[in-house]
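A short reminder: the numbers here are calculations on the coordinates, not readings from a lab. Just so it is clear, the model here is predicted, and its values are computed rather than measured. In this analysis, Cβ positions are derived from the backbone assuming ideal geometry, glycine residues included, and neighbour counts consider all displayed protein chains.
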Amino acid sequence: MAAALGGVAFPVTALFAAADKVKIEVTGNIKPYCANSVTAVPVNAGDPRKAGSAKFAFTVDCNAPFQYTMQSDNGALRLVNAPATASRDKIEVAYDVHIRIPLTLGGAIDNKCSSSSIKQGAVSCKFTDSGHKVAIKQQAETQISWNGTLSQLPAGQYIDRLTVFVTVKL
Amino acid sequence: MTRFLKVACGVSALVLLYAAHAAGNNSSFQLNVANHFPDYCMIGGDPTYSLDTAATVTNSTTSSAKIDFGANFSNTNATGRKMSGSVHFTVYTNAQCNYVLTSAYGALKNITAGQTAVFRDYYADAYDVSGSSTLVHLNSLSSDKIVNQFTIPAPLWWRRSTVTIEFSIPETSNPLAAGEYQDILLLNIYPLI
């Protein structure tokens with residue numbers, strides 16, 4: 001406010017702002033989850049006396065960083081209905097397992113383990129987690145492979161069962 | 001006693017009150033108001049909200065608010081839930097006003113640590129309710145993206161307009177990465193001189 005000539009002159013412009021603005025923040029939350037957290041897959045090797053391999057796929061659907069483990073029922077391909085007295089090297093064939101889980105926005109988890117290192121109750125194989133990444137509806141692949149064995153294996157069906165556990169990384 | 005009141009242009013009630021106060025003191029004065037009203041485009045009153053999905057409106061003032069959809073942002077399987085809403089506010093103008101709506105992220109951005117480059121598309125626009133609007137698809141990764149700008153002509157004297165910021169978030173068929181998603185819509189209103 002300023003006085004002039006015995007009167008007053010108002011700086012009217014100071015009474016009003018000429019411009020204005022509105023700020024609207026829109027937010028929402030999505031909780032972390034992993035679907036199909038347990039997947040069990042039977043493995044049938046056919047004739048394990050010859051070298052061979054088998055593949056199977058499973059879906060990983062985690063919208064948050066996750067970790068996983070895989071375990072084997074037998075720790076090897078094992079003869080169905082094997083005699084209880086048979087030594088393990090006569091009824092079991094070890095194998096290697098290669099797991100690959102693609103990640104959303106690129107990259108993949110890639111792990112290799114021996115069957116003995118994923119035996120239920122004695123898992124020692126190191127599984128990589130997804131870091132900061134996620135895997136939304138990604139098709140994971142597992143390949144098992146075994147070498148032919150020189151030992152005389154009884155004829156029959158050799159099987160194992162692999163189970164994959166996927167959980168949100170805390 | 002000389003009393004001379006010269007009003008060159010519009011005089012506010014505050015000016016008149018001051019003049020009356022000065023006259024009551026029995027003093028001689030001359031009041032010259034040679035200024036004129038500036039061009040203005042001003043928001044008046046608190047905005048109103050129309051939201052189709054349960055949301056919490058916090059920190060609401062005349063010029064800002066946070067609309068939080070919380071866990072309603074997605075379904076239980078983490079697919080994105082459909083949502084829409086609008087914010088209406090009154091603008092007083094005596095001039096031609098320009099409106100510019102910008103988006104901070106050009107989409108709803110996952111701002112949780114580690115979730116870089118994760119976005120959810122949506123649509124938004126701002127418009128005078130006397131006109132029509134087509135919502136603009138925000139799916140860009142650019143920041144400070146201009147969504148829309150428009151001009152409302154100057155009124156003869158003054159005008160009260162209702163301006164709306166509207167947004168629509170489509171559902172998604174695929175699950176979305178976990179975290180907090182955010183965008184900030186900023187509508188700047190200023191006289192076009």
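Overview of values
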item	result
Test: residue in segment A:139-152 that is within 30 Å of residue B:111 (Cα to Cα) and surrounded by fewer than 16 Cβ atoms within 10 Å (Cβ to Cβ)	yes
Of all residues making up segment A:123-138, the number that are crowded, with 18+ Cβ neighbours inside 10 Å and in contact with a helix residue (DSSP H, G or I) (Cβ under 7 Å, 6 or more places away or on another chain)	1
Answer residue from segment B:148-189, given it is of a type in the set (Val, Ile, Thr) and farther than 17 Å from residue B:89 by Cβ and is surrounded by the fewest Cβ atoms within 10 Å (Cβ to Cβ) among those	B:151
Filter result (under 11 Å from the mean Cα position of the chain (by Cα) and within 12 Å of residue A:99 (Cβ to Cβ)) within segment A:125-141	A:127, A:128, A:140, A:141
Spans of strands (runs of 3 or more DSSP E) in segment A:28-112 with at least 2 residues of a type in the set (S, T, N, Q)	A:38-44, A:52-62, A:66-72
Check on residue A:119, more than 14 Å from chain B (Cβ to nearest Cβ) and of a type in the set (Lys, Arg)	yes
Subset of segment A:18-34 (residues that are of a type in the set (A, V, I, L, M, F, W, C) and within 7 Å of chain B (Cβ to nearest Cβ))	A:18, A:19, A:22, A:24, A:26, A:30
Cβ pairs under 6 Å, 6+ apart, first in segment B:44-70 and in contact (Cβ under 8 Å) with a residue 60 or more places away in the chain, second among the aromatic types (Phe, Trp, Tyr) and surrounded by 15 or more Cβ atoms within 10 Å (Cβ to Cβ)	B:44/B:92
Candidate set from segment A:32-51 (those that are closer than 30 Å to residue B:79 by Cβ and among the polar types (S, T, N, Q)); member that is surrounded by the fewest Cβ atoms within 10 Å (Cβ to Cβ)	A:36
Which numbered condition residue A:127 fails, given (1) under 19 Å from residue A:58 (Cα atoms); (2) within 14 Å of chain B (Cβ to nearest Cβ); (3) not charged (D, E, K, R)	(2)
